[in-house]
Amino acid sequence: MTAAAAVGQTSWDLFLSSLWPLVRGALLGTIPLALMSFAIGIVLALVLALARLSGNRWAAGVARGYISIVRGTPLLVQLFVIFYGLPSIGVVIDPWPSAVVAFSINVGGYAAEVIRAAILSVPKGQWEAAYMIGMSRRRALARIILPQAARVSVPPLSNTFISLVKDTSLASLILVTELFREAQQVAAFSQEFMLLYLEAALVYWVICLALSTVQGLLETRLDRYVSH
């Protein structure tokens, strides 16, 4: 949208004409960024959770320190360290990969504690039963413990993903084109900052509402599976 196109438009016209750029930013930027970061973050979180539960004192210590640093520092600071800080030591990362790295690191730190708590929630008798039928610790973890822990961790991990979708708006500060960045650009042309930012908030809300609905359906399906 250009400044000339915005002249003479009513607020409703501007709302409608700017809706597609915001939706496009969500489809091509916000959602892929959140999905990619969450997937990498969950893998990292699983490694950290298992390290904390392992008998290896050094691995547990490293995992505990990582989680402490991630949870004790703002996501915005982490994002800026990766995009603006690393170039000072010769490591230059483009905006999109920088955002993925920062968000993945952040998700890993928070989700690790969720996964660890879910694993600990599985009764010890499950471990003992697995050992009695000849399973190794690794096999018991993969076949018995993690599937049960996954069901327990669905609600908090879903909340983590919903929060991540909203947090991707911070990527606009390092020039990643996503939903909020599109809103900023349209607002800069039209000077209708309140309208565009409220419209962006509406799109975020719709996305999160849809994700919450999917979360509820998934929880219901898992509960039915367990009840049988």
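Each reported figure results from applying straightforward, stated rules to the coordinates on display, with no laboratory input. A quick note: this is a predicted structure, and the numbers were derived from the prediction, not measured. Cβ: placed from backbone, ideal geometry, glycine included. Neighbour counts: every protein chain shown.
Positive end of the dipole of region 3-227, charges at C-beta (+1 Lys, Arg; -1 Asp, Glu), about the Cα centre: which of Leu79, Ile89, Gly41 has its Cα farthest in that direction?
About the Cα centre, the residue reaching furthest to the positive side is Gly41.
Taking 2.2 N^0.38 Å as the expected size of a compact globular protein, what ratio does the Cα radius of gyration of region 131-180 give against it, to two decimals? Don't jump to the answer; show the numbers that get you there.
Details: Rg = 18.7 Å, N = 50, 2.2 N^0.38 = 9.7 Å.
Against the compact-globule rule of thumb, the ratio is 1.92.
So for region 3-227, taking the charge dipole from beta-carbon charges (+1 Lys/Arg, -1 Asp/Glu), which of Ala140, Ala171, Ser158 sits furthest toward the positive end?
Toward the positive end, the furthest listed residue is Ala140.
With r as the distance between the Cβ atoms of Tyr131 and Thr220 and R0 = 45 Å, compute the FRET efficiency 1/(1 + (r/R0)^6) and round to 0.05. Write down the numbers at each step before the final one.
Numbers: r = 33 Å, r/R0 = 0.73.
Efficiency for this residue pair is about 0.85.
Once both labels are modelled 7 Å past Cα along the beta-carbon direction, what's the Leu202-Asn56 spacing in nm?
Result: 5.2 nm between the two label points.
Sorted by average packing, counted as other Cβ atoms within 10 angstrom per residue and highest first, what order do 143-150, 164-171, 102-109 take? Let's see the in-between values first.
Working: 143-150: 15.9, 164-171: 21.6, 102-109: 24.0.
By packing density, highest mean first, the sequence is 102-109, 164-171, 143-150.
Take peptides 29-41, 151-163 and line them up by average Cβ neighbours within 10 Å, highest first, as a rough protection proxy.
Working: 29-41: 20.3, 151-163: 18.1.
Peptide ranking by packing, descending: 29-41, 151-163.
Compute the distance in nm between two label points, each set 7 Å from the Cα along the Cα-to-Cβ direction, one at Val77 and one at Arg138.
3.8 nm
Okay, which of region 151-192 sit inside 16 Å, backbone N to the point 7 Å along the Cα-Cβ direction of Asp13?
Once the point is set 7 Å along Cα→Cβ of Asp13, 190-192 turn out to lie under 16 Å by backbone N, inside region 151-192.
Give me the compactness ratio for the chain, meaning the Cα radius of gyration over 2.2 N^0.38 Å.
Working: Rg = 21.6 Å, N = 228, 2.2 N^0.38 = 17.3 Å.
Here the answer is 1.25, to two decimals.
What ranking, highest mean first, results for peptides 44-56, 130-142 when packing means the other Cβ atoms within 10 Å averaged over each residue? The partial results should precede the final answer.
Working: 44-56: 18.0, 130-142: 12.6.
Per-residue Cβ counts within 10 Å, averaged per peptide and sorted highest first, yield 44-56, 130-142.
For region 41-47, what does the Karplus curve 6.51 cos²θ - 1.76 cosθ + 1.60, with θ = phi - 60°, yield as ³J(HN,Hα) per residue in whole Hz, taken in order and with x for Gly and Pro?
x, 5, 4, 4, 5, 5, 4
May I ask you to derive the FRET efficiency for Gln184 and Thr213 from their Cβ-Cβ distance with R0 = 35 Å, giving the value to the nearest 0.05? If you can, show how the numbers build up before the last one.
Numbers: r = 28 Å, r/R0 = 0.81.
It comes to 0.80.
Calculate, axis by axis, the spread of Cα positions in region 136-228 along the three principal axes, and write the results as whole Å, longest axis first.
62, 27, 13
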